[in-house]
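Undergrad: Would you mind keeping the following structure in view while I ask a few things?
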Amino acid sequence: MRTARTVAHANIALSKYWGKADAANNLPAVSSLSLTLDGLRTTTTVSFDASLDSDQVILNGAAIGGRPLERVIDLLDHVRGKAGIREKARVESENNFPTAAGLASSSSGFAALSFAAVQAAGLNLTRRQISAIARRSSASAARSLWGGYVALHARSEYAEPIAPAEHLPLIMLVVVTAQGAKKTSSTEGMKHTQDTSPYYSAWVEACAPQMFEEIRRAILERDIERVGLAAEHSAMAMHASMLAACPPLRYFAPATLAVLDRVLEIRASGLLAFATMDAGPNVKVITSPEHVDRVENALRELPMASVVIRCSAGPDAQALEVN
Ligand code: DP6
């Protein structure tokens with residue numbers, strides 16, 4: 001029996017990935033750029049064990065089934081194929097944050113799982129190769145192999161680091177407006193947008209490439225205001241493509257709009273505060289270390305923003321134990 005335990009941190013895209021160039025191989029249609037967050041992490045243990053008849057997967061203390069289990073087994077099969085082993089695995093995974101509420105749990109989850117499965121299978125792979133394995137399961141997970149600012153280019157197999165965490169000390173306040181699992185998964189939502197939204201081509205051809213480039217440059221030039229403005233634009237353009245799908249795909253809840261309004265008020269008061277959102281109702285607010293206390297206090301005045309998780313740039317995914 002071989003066991004490996006790893007930790008990976010969730011990432012939130014500043015420049016969003018939405019849409020696939022190749023659904024069978026899960027290659028993204030647009031380039032994306034994220035920040036890995038220290039506050040949201042998944043710890044995963046994988047043990048390949050000849051005494052098991054089937055793969056067993058425990059997430060936050062409970063066995064999972066259905067589609068989430070199939071996605072894990074698919075990844076394990078891929079790793080077993082590469083390593084030439086047949087043993088089934090026991091997987092135990094813990095998130096320190098609400099799972100599947102648009103808090104990017106699949107990014108840290110599949111990054112930690114890929115890393116642990118590769119180590120437990122005895123494979124000697126590069127971080128890029130592990131990123132490619134994570135990408136097959138969830139493209140955003142490819143970015144969580146690295147800390148700091150990370151890009152996944154359109155049609156790319158693996159992500160690559162753009163700048164380390166200390167290059168630009170940006171803070172993300174994760175405002176949790178809902179803790180339940182989301183209704184439409186990112187994978188389903190992307191497919192529906194691609195199939196039915198007349199705005200999807202504008203997103204892929206015009207919006208996403210231009211916003212990616214603006215955010216990449218603004219990060220390299222250490223300009224939080226430009227990063228924030230372009231990140232907000234990227235998130236809203238992505239959601240606009242979903243809203244124009246038929247039937248519309250809407251992740252905004254009343255609490256989401258209240259937080260978005262508050263972010264505009266905070267900004268009008270002269271502080272750095274910019275909103276981004278993923279495939280769920282929660283809002284993440286981008287700000288600077290100098291402004292974060294005042295921004296967080298202003299957000300917490302809202303009754304629906306009682307849970308605010310303060311995050312800075314997080315580290316690379318790491319192996320904690322292999323034996
Ligand atoms: C809105 O990586 O969850 O968070 O590749 O189908 O698993 P799949 O999708 P996933 O999509 C993330 C979408 C997003 C934006 C982003 O993280 O870039």
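Undergrad: Any residue that is more than 16 Å from residue 43 (Cα to Cα), away from the ligand (no atom under 11 Å from the Cβ) and touching a residue at least 12 places away in the same chain (Cβ under 8 Å) - is there at least one of those in segment 140-148?
TA: Yes: segment 140-148 contains one or more residues that are more than 16 Å from residue 43 (Cα to Cα), away from the ligand (no atom under 11 Å from the Cβ) and touching a residue at least 12 places away in the same chain (Cβ under 8 Å).
Undergrad: If you don't mind, another one. With 68, 164 as the choices, which residue is surrounded by fewer than 18 Cβ atoms within 10 Å (Cβ to Cβ) and over 27 Å from residue 2 (Cβ atoms)?
TA: Residue meeting the stated conditions: 164.
Undergrad: I would also like to ask the following. I need the full set of residues from segment 252-288 which are in contact with a Ser or Thr (Cβ under 8 Å, 6 or more places away or on another chain) and in a loop (DSSP other than H, G, I, E, B), in order please.
TA: 253, 271, 272, 273, 278, 279, 281, 282, listed by residue number.
Undergrad: Give me a count of the residues in segment 264-284 that are within 17 Å of residue 229 (Cβ to Cβ), among the aliphatic types (A, V, I, L, M) and either within 16 Å of the ligand (Cβ to nearest atom) or modelled with pLDDT under 95 (or both).
TA: Restricting attention to segment 264-284, the residues satisfying the condition of being within 17 Å of residue 229 (Cβ to Cβ) are 264-277, 283-284.
When the remaining residues are screened for being among the aliphatic types (A, V, I, L, M), the result is 264, 266, 268, 271-273, 275, 277, 283.
Of the ones still in play, those that are also either within 16 Å of the ligand (Cβ to nearest atom) or modelled with pLDDT under 95 (or both) are 275, 277, 283.
Selection size over segment 264-284: 3.
Undergrad: For segment 29-52, name all the residues that are surrounded by 24 or more Cβ atoms within 10 Å (Cβ to Cβ) and within 16 Å of the ligand (Cβ to nearest atom). It would help to see each step written out before you state the result.
TA: Let us first name the residues in segment 29-52 that are surrounded by 24 or more Cβ atoms within 10 Å (Cβ to Cβ), namely 30, 32-37, 40, 42, 44, 46, 48.
If the condition is that a residue be surrounded by 24 or more Cβ atoms within 10 Å (Cβ to Cβ) and within 16 Å of the ligand (Cβ to nearest atom), then 30, 32, 33, 34, 35, 36, 37, 40, 42 are the ones that fit.
Undergrad: Mind listing whichever residues of segment 51-60 are touching a strand residue (DSSP E or B) at 6+ places or on another chain (Cβ under 8 Å) and either modelled with pLDDT of 95 or more or hydrophobic (A, V, I, L, M, F, W, C) (or both)?
TA: 52, 53, 54, 55, 56, 57, 58, 59
Undergrad: A further question follows. Quick one: in segment 73-126, which of the residues that are polar (S, T, N, Q) and in a strand (DSSP E or B) is modelled with the lowest pLDDT?
TA: That would be 95.
Undergrad: With aliphatic (A, V, I, L, M), in a strand (DSSP E or B), within 19 Å of residue 95 (Cα to Cα) and within 13 Å of the ligand (Cβ to nearest atom) as the only criterion, which of 10, 4 stands out?
TA: From the options 10, 4, the qualifying one is 10.
Undergrad: Oh, and also: Could you say which residue among 297, 323 is closer than 29 Å to residue 145 by Cβ and away from the ligand (no atom under 16 Å from the Cβ)?
TA: The conditions single out 323.
Undergrad: Does residue 154 count as within 14 Å of the ligand (Cβ to nearest atom) and in a loop (DSSP other than H, G, I, E, B)?
TA: Here the answer is yes, as residue 154 does meet what is asked.
Table: residues versus (1) in contact with a helix residue (DSSP H, G or I) (Cβ under 9 Å, 6 or more places away or on another chain); (2) away from the ligand (no atom under 16 Å from the Cβ).
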site: 235; (1), (2): no, no
site: 241; (1), (2): yes, no
site: 262; (1), (2): yes, yes
site: 304; (1), (2): yes, yes
site: 309; (1), (2): no, yes
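Undergrad: Of the residues 120, 134, which is in contact with a strand residue (DSSP E or B) (Cβ under 9 Å, 6 or more places away or on another chain), among the hydrophobic types (A, V, I, L, M, F, W, C) and closer than 23 Å to residue 185 by Cα?
TA: Step by step, each of 120, 134 is checked, and only 134 is in contact with a strand residue (DSSP E or B) (Cβ under 9 Å, 6 or more places away or on another chain), among the hydrophobic types (A, V, I, L, M, F, W, C) and closer than 23 Å to residue 185 by Cα.
Undergrad: May I pose another question? Would you confirm, using the coordinates I've provided, whether residue 141 is closer than 30 Å to residue 295 by Cα and either among the basic types (Lys, Arg) or in a helix (DSSP H, G or I) (or both)?
TA: Judged against the criteria, residue 141 is a match.
Undergrad: A further question on this structure: For residues that are β-branched (Val, Ile, Thr) and either within 16 Å of the ligand (Cβ to nearest atom) or in contact (Cβ under 8 Å) with a residue 24 or more places away in the chain (or both), tally how many sit in segment 104-126.
TA: Summing the residues that are β-branched (Val, Ile, Thr) and either within 16 Å of the ligand (Cβ to nearest atom) or in contact (Cβ under 8 Å) with a residue 24 or more places away in the chain (or both) in segment 104-126 gives 1.
Undergrad: Further question on the same structure: Can you pull out every residue in segment 293-321 that is under 19 Å from residue 267 (Cα atoms) and of a type in the set (D, E, K, R)?
TA: If the condition is that a residue be under 19 Å from residue 267 (Cα atoms) and of a type in the set (D, E, K, R), then 293, 294, 296, 300, 301, 310 are the ones that fit.
The values are calculated or read from the model by the stated rules, or taken from the named source; none is laboratory data. Remember, predicted model here, so these are calculated numbers, not experimental data. As a convention, Cβ positions derive from the backbone with ideal geometry for all residues, glycine included, and neighbour counts pool all protein chains shown.
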